[in-house]
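A short write-up of the structure that comes next.
The values are calculated or read from the model by the stated rules, or taken from the named source; none is laboratory data. Treat the numbers as computed from the prediction; the structure is a model and nothing was measured. For neighbour counting, all protein chains shown are included, and Cβ atoms are generated from backbone atoms with ideal geometry for every residue, glycine included.
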Ligand SMILES: Nc1ncnc2c1ncn2[C@@H]1O[C@H](COP(=O)(O)OP(=O)(O)O)[C@@H](O)[C@H]1O
Ligand SMILES: [Mg+2]
């Protein structure tokens, strides 16, 4: 027996709706204490996967366990450890936030008024608990949905696109709130998203799904280890031109980033050589550092896809972050989203 079993294990899970193979032999493990992301374009099979966990959808095949407890063998015990929100949580809009939580609490055993107080505090709605949900912002409603999933003190929260349709500020509000819950309250959280930037910025680990298949997984930090051969160089004064570049075989490519910064791809991992070479040619280098990978580049590198083939709804980052990704590939790749087999 392992000391602390994974919060969630999916083993070879599949789900077919008629002719649509929504989830296709999917296996993954969410480690306890992680904020784990489940990333994939629209139609990839995220919701279907998540809804199989509390048995809202019945798998065609495979096994699922929560903290080591099989959901089909011991549903009562397994389900106690999990709270889930669906993609767009619905509330009684004319009732207060608190009243909405109380209604759900009635369906569960042993939820005290005190626990509801605590949750309202934890989701930052204590002050607004008596306002009607109708007047809540999208972010407040999402937090209320998360609060509702917290009723009964689950150890794992499963949240289906908790930031869908939100502006960058609301998104930040919700995701930093979740980060804090993982850090301070020892919760494990598994969230789906179609936005790479969200996962990249907030999650510990990520599972990438496309057409029902797992295409990549791992710790975000590991996946995004810096490039060895691409360096970002900032200049003071003049910057190298095409001529200079073509004279050096060791320089494979140069991409301007800003007026004084360039990304230089080297034939070998040797930034010391580059630095010396630039100085000798009379350029003044004020900074030189390995380039950080983005999740999109990682995705391209592991799938071997070309830019235009990336299932790009993954990439439609909030406007504030859109600059992280190659904009020219967005338009063409959007259509590669999974609508084709809906
Ligand atoms: N109840 C259903 N009946 C038929 N097809 C479904 C049903 N739910 C989902 N699908 C299909 O399964 C695929 C995966 O959908 P979904 O899990 O909602 O993806 P995601 O949440 O990643 O956008 C899609 O092709 C979708 O149309
Ligand atoms: Mg979905």
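Listed conditions (1) at pLDDT 85 or above; (2) in contact with a strand residue (DSSP E or B) (Cβ under 7 Å, 6 or more places away or on another chain) are all met by residue 210, apart from (2).
In region 155-168, is there at least one residue being closer than 26 Å to residue 15 by Cα and over 15 Å from the mean Cα position of the chain (by Cα)? Checking region 155-168: at least one residue is closer than 26 Å to residue 15 by Cα and over 15 Å from the mean Cα position of the chain (by Cα). When 209, 288 are screened for being more than 30 Å from residue 46 (Cβ to Cβ), in a strand (DSSP E or B) and touching a helix residue (DSSP H, G or I) at 6+ places or on another chain (Cβ under 7 Å), only 288 passes.
Of the candidates 163, 171, 138, the single residue that is at pLDDT below 90, farther than 25 Å from residue 4 by Cβ and not assigned by TED's automatic domain parsing to the domain that holds residue 66 is 138. No other residue among 143, 134 is part of a helix (DSSP H, G or I), surrounded by fewer than 23 Cβ atoms within 10 Å (Cβ to Cβ) and away from ligand 2 (no atom under 16 Å from the Cβ) apart from 134.
Among the residues examined, residue 88 qualifies as surrounded by fewer than 16 Cβ atoms within 10 Å (Cβ to Cβ), within 26 Å of the chain's Cα centre (by Cα) and either in contact (Cβ under 8 Å) with a residue 60 or more places away in the chain or in a strand (DSSP E or B) (or both).
Only one of the numbered conditions (1) more than 30 Å from residue 164 (Cβ to Cβ); (2) touching a residue at least 40 places away in the same chain (Cβ under 8 Å) is violated by residue 279, and that is (2).
For region 71-81, the count of residues that are closer than 30 Å to residue 102 by Cα and within 18 Å of the chain's Cα centre (by Cα) is zero. Restricted to region 1-66, the set of strands (runs of 3 or more DSSP E) holding at least 2 residues that are within 11 Å of ligand 1 (Cβ to nearest atom) and in contact (Cβ under 8 Å) with a residue 24 or more places away in the chain comprises 8-17, 20-30, 35-39.
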